[in-house]
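What follows draws every value from the coordinates through simple rules; no lab data is involved. Everything quoted here is computed from the prediction, not taken from an experiment. Here the Cβ positions follow ideal geometry from the backbone for every residue, glycine too, while neighbour counts run over all protein chains shown.
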């Protein structure tokens, strides 16, 4: 089901908009910075603040490094978001 949803979202990508984002990659760079920088750091800090067990801290850190689910893609599609950045 996840593959079907992701494939159908990819069918909405317009080649002109895709090349625009490749030529001006600020949105892509901000997304990478947030996903692989801010999210893991936030997860690490939350595990320190709440003083969880070490094994729970590892789980929180792994979840902080994982990308979001397909629900965000569906919501962005419903509100006519920029699907080319997904």
The lone condition residue 68 fails out of (1) surrounded by 12 or more Cβ atoms within 10 Å (Cβ to Cβ); (2) not in a helix (DSSP H, G or I) is (1)
All-but-one check, residue 77 against (1) surrounded by 13 or more Cβ atoms within 10 Å (Cβ to Cβ); (2) free of Cβ contacts under 8 Å to residues at least 60 places away in the same chain; (3) under 18 Å from the mean Cα position of the chain (by Cα), failing number (2)
